[in-house]
Amino acid sequence: MGPGHGEAIVAHLGNGNWMVVDSCLDLEHEPSQSAPLKYLRKLGVQTANAVKLILVSHWDSDHIGGISLVVEASPAAKFCCSTAFTQREFVKFVSAMSVGSLATEGANVSEFHRVLQILNARKKVLTAASPGRRLQKDPIITTWSPSDYEAQLFLQFVAQEHPKAGQPMRRAIPGSPNLTSVVVGIDWEDTSVLLGADMESHVDDRRGWGAIVSTAMTTGFAKSNVVKVPHHGSHTGHDDRMWQKLLSDDPISIIAPFGKGKVDRRPPKPGDVRRINELSATTYITARRQPPKSQAGMPLAVRRSLREGSIRFYSSQSTMGIVRLRRKKGQQWTRELFGAAVQAK
């Protein structure tokens, strides 16, 4: 699910147990409400007991909006995130940067700190996602990243950014943490799903999809027939090895777009959608790109200036889109679209 900028995944694991991956805010209707939490409550799910696992793929703002609300409402849940973010050095770093005059800007740090506070109050620990780590047996839930090498590089970043005496505080989380994001596989007896997070390809096979495929091939991997396409469908998240080694032929592909920045640079671009369509049986997008806002009612001089400057306005908010897949054992997936979600193939 997602409103065009932001995404989250809710998975029913069976027997009334649920898993939440990431969180986003329902900007149009309830700006302070976590979309996955709202969805579960609408279904009548008692999150206090039913949510067994919460996983944050990485700490980009479009993946963690309202995640502390999900954690707060789900005391029975295990909380999992990238091993890079569970290291003692990083936890101390964020705690220091979130207090009083040392507080940093950005929802990513404040949400992380709030999650830490809730878990500490409950005497719960962070579960580290690492290559091939099994989080649950039935269904089998496995994390495939980040690689040990990537976690090492991240801690080096933290060490470099941690200020010395007299220096100002700097960013706690790197500007592009996609290679530390957590790719997750969910394996039932007769089907599998791959959640690609914002993982990217990299020329160094110790990083990105190269490292994931290598680990998966040596530890055993059931090919998935559903994929949450990595990194909003962008070409930077594409790796032929992922499609060839980790997915069945013609999978169902779901894209959560990135709705900020210049329109012509927001993934997925039309070429991205065509590429994914060629590899998929069916492709869904959680929210379509917003059309330009009407200039009706604006003063003539303003409209002229906009026209001469080739400037268009787009809404920063869009309707929440949900792609819902359901199946019973031995049967095919049924598909439903809600809100702004669309089928691209």
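The values are calculated or read from the model by the stated rules, or taken from the named source; none is laboratory data. As the structure is a computational prediction, the values presented were derived from the model and not from experiment. Neighbour counts are summed over all protein chains in view; Cβ atoms, including those assigned to glycine, are modelled from backbone coordinates with ideal geometry.
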- Considering region 244-260 alone, what residues qualify as being part of a helix (DSSP H, G or I) and either surrounded by fewer than 20 Cβ atoms within 10 Å (Cβ to Cβ) or among the basic types (Lys, Arg) (or both)? Gln244, Lys245
- Query: Any residue in region 223-232 that is over 25 Å from Leu337 (Cβ atoms), among the small types (Gly, Ala, Ser), out of contact with any Phe, Trp or Tyr (no Cβ under 7 Å at 6 or more places or on another chain) and not in a helix (DSSP H, G or I)?
  - Reply: no
- Message: I'd like the full set of residues that are over 18 Å from Arg324 (Cα atoms), over 18 Å from the mean Cα position of the chain (by Cα) and of a type outside the set (A, V, I, L, M, F, W, C), limited to region 240-260.
- Response: Asp240, Arg241, Gln244, Lys245, Ser248, Asp249, Asp250
- Message: Looking for something at pLDDT 95 or above and within 28 Å of Gln332 (Cβ to Cβ) - is there at least one such residue anywhere in region 169-182?
- Response: no
- When only residues in region 261-287 that are in a loop (DSSP other than H, G, I, E, B) and crowded, with 22+ Cβ neighbours inside 10 Å count, which is farthest from the chain's Cα centre (by Cα)? Ser280
- Residue in region 185-232 that is surrounded by the most Cβ atoms within 10 Å (Cβ to Cβ), counting only those that are touching a Pro at 6+ places or on another chain (Cβ under 6 Å), of a type in the set (A, V, I, L, M) and free of Cβ contacts under 8 Å to residues at least 60 places away in the same chain: Met199
- Just one of (1) at positive phi; (2) surrounded by fewer than 23 Cβ atoms within 10 Å (Cβ to Cβ); (3) in contact with a strand residue (DSSP E or B) (Cβ under 8 Å, 6 or more places away or on another chain) trips up Gly44, so point out which. (3)
- Inside region 121-155, the number of residues satisfying the requirement of being in a strand (DSSP E or B) and either hydrophobic (A, V, I, L, M, F, W, C) or within 27 Å of His202 (Cβ to Cβ) (or both) is 10
